[in-house]
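Before any comments, here is the structure.
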Amino acid sequence: MKTHAIRIHQTGGPEVLLWEEVSVAAPAAHEVLIRHAAVGLNYIDIYHRSGLYPAPLPFTPGLEGAGVVEAVGASVTEFKAGDRVAYANPPLGAYAEARVMPADRLVRIPDAITDVEAAAMMLQGMTAQYLLRRTYRVKPGDTILIHAAAGGVGLLVCQWARHLGATVIGTVGSEDKADLAKAHGCHYPILYKTEDFVAQVREITNGQGVPVVYDSVGKDTFLKSLDCLQPLGMMVSFGQSSGKVEPFDTGLLAAKGSLFLTRPSLMAYTAKRSDLVAGAEELFEVVGQGAVRIEVNQTYALKDAASAHRDLEGRKTTGSTVLLP
Ligand code: NDP
């Protein structure tokens, strides 16, 4: 079958994202053919495009999509043609009108959730789920720090952490983003381009520090984030939007109070199907209750993915971004 997809023949800037006609094979025995209604944009797509995370060339980027099953392989029993499904996993290839996916990586989209919401929430929302519920289990009364609080993962973490009874401190790149984070559960937005977030966290916590920092900014914030933690606190370094964290002396973790450090990835937390399904169910539940709202603040035509990449890298987006085939 012929369809269209974004292809990358050489890694580089947004201009390497080319809209082309491609062939999609019939689904193998364990696979499902999906026609996308919406595709999710994520920061990791930039790493694949730039070559920071290498992928064999040429390839179609993208890890997240939602749509309708068109055909299933011979051994697939859980899904049938017409089912609405979503995913947030390898293999790459979401930036396409249609694609095949292993059936065991899909979840069914509940009726109350639209395709656009599903494509916006799966990767960032299941990330929020494992960060808050598994990596460090947030308890009522905790005060937590989340960087890039107005971003895709950030807005979800703010809302969900507040719902869990936490006080949320969040860093943001502008006044508008501070207002947005505040409207989504962030009690204390900090403008980290101009304000000293370590001093502010110390002040807000009466000098105690926080039990956990969720840091996706990386290079620019990593060492300062360690200074925000209380003894035995947990540094969750889950991204590198400002660049890779420099190698550092692990003795620092002892010097700053026997800190824990983890560098988690959604792929490991959802590798088992039971974990994938449980994470998605918990996410759909908080969204269904209205405790967490999915903010799709930007949409682009899929063939215009380069513009979406420019805006995400340029810190111009807030909340989630969806590409429409
Ligand atoms: P975001 O919407 O959070 O976009 C990135 C944000 O990072 C920007 O909007 C900006 O917000 C902030 N930022 C700070 N410094 C820079 C910089 N130098 N260049 C660009 N942005 C910067 O993206 P996502 O929600 O898609 O992802 C957030 C992060 O989480 C990414 O690093 C991503 O790789 C990571 N991630 C990790 C996962 C995991 O399992 N480990 C899974 C999902 C995401 P501001 O202007 O407010 O500073």
Could you tell me which numbered condition residue 181 fails, if it satisfies all but one of (1) hydrophobic (A, V, I, L, M, F, W, C); (2) under 23 Å from the mean Cα position of the chain (by Cα); (3) more than 9 Å from the ligand (Cβ to nearest atom)?
-> (3)
Return yes when residue 36 is under 18 Å from residue 322 (Cα atoms), within 16 Å of the ligand (Cβ to nearest atom), within 21 Å of the chain's Cα centre (by Cα) and not aliphatic (A, V, I, L, M) and no when it is not.
-> no
For residue 162, which of the numbered conditions (1) assigned to a helix (DSSP H, G or I); (2) within 11 Å of the ligand (Cβ to nearest atom); (3) surrounded by 15 or more Cβ atoms within 10 Å (Cβ to Cβ) fails to hold?
-> (2)
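Table: residues versus (1) surrounded by 19 or more Cβ atoms within 10 Å (Cβ to Cβ); (2) over 16 Å from the mean Cα position of the chain (by Cα); (3) more than 16 Å from the ligand (Cβ to nearest atom).
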{"residue": "94", "(1), (2), (3)": "yes, no, no"}
{"residue": "101", "(1), (2), (3)": "yes, yes, yes"}
{"residue": "106", "(1), (2), (3)": "yes, yes, yes"}
{"residue": "111", "(1), (2), (3)": "no, yes, yes"}
{"residue": "120", "(1), (2), (3)": "yes, no, no"}
{"residue": "132", "(1), (2), (3)": "yes, no, no"}
{"residue": "139", "(1), (2), (3)": "no, yes, yes"}
{"residue": "142", "(1), (2), (3)": "no, yes, yes"}
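Keeping to segment 184-216, report how many residues are among the hydroxyl-bearing types (Ser, Thr, Tyr) and assigned to a loop (DSSP other than H, G, I, E, B).
4
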Name the pairs whose Cβ atoms lie under 7 Å apart, with the first residue in segment 193-208 and closer than 16 Å to residue 178 by Cβ, the second surrounded by 13 or more Cβ atoms within 10 Å (Cβ to Cβ) and basic (Lys, Arg), and 6 or more positions between them or separate chains?
-> 197/224
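Computed from the coordinates by the stated procedures, all read-outs in this text should not be read as laboratory data. Because the structure is a prediction, the values reported are computed rather than measured. Ideal geometry is used to build each Cβ from the backbone, glycine not excepted, and the neighbour counts take in all protein chains shown.
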